[in-house]
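The values are calculated or read from the model by the stated rules, or taken from the named source; none is laboratory data. Just so it is clear, the model here is predicted, and its values are computed rather than measured. With ideal geometry, Cβ positions are generated from the backbone for all residues, glycine too; neighbour counts draw on all protein chains shown. Side chains included, ligands, DNA and RNA excluded: accessible areas come from the protein's heavy atoms. Shrake-Rupley method; radii C 1.70, N 1.55, O 1.52, S 1.80 Å.
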Amino acid sequence: MANDGWLRAVAPSHAYGLLAFAALDVILAFVVIVVPKLGYEGALLVSMTQVIAMLGDALTFAPVGTLQAGFRAYLLGDSAFVALVGIQLAVAGITAAGIAMPHAIRHRFHFDRTRHHKMLP
């Protein structure tokens, strides 16, 4: 979105908002590693908020001098915008599954060394 001159010209707050969404996603990825429970819950909340905001823009917002239908077609025809919506939906699904997964199963996926047990003769 940073390279989309037209979007920056007609709706700069929306263009930079999309960049902020992407940056926030990177931050949340690190939070998931450090504080998993908080990270999962934060990622679910933020991703759903982003999907609603992005689709709300596509369905209702129109920059001055642009028809809403034209702006919607522009956004939904932009592969970067569509990919970002798809990524947000994927993040929401993954985090919802992670939150719903029982604690014991969720922690089985850590990359700890396996313990070697002595074999009985």
Going from most exposed to least, what order do 66, 95 have by accessible area with a 1.4 Å probe? 66, 95
The stretch 14-77: projected area of the alpha-carbon convex hull, averaged over directions, in nm²: 4.5
Once you put a point 7 Å from the Cα of residue 90 and another 7 Å from the Cα of residue 29, both along the Cβ direction, what distance in nm separates them? 1.0
Accessible area of residue 99 in the full protein assembly, 1.4 Å probe (Å², nearest 10): 70
FRET efficiency for residue 67 and residue 22, Cβ-Cβ distance as r, R0 = 35 Å, nearest 0.05? 0.80
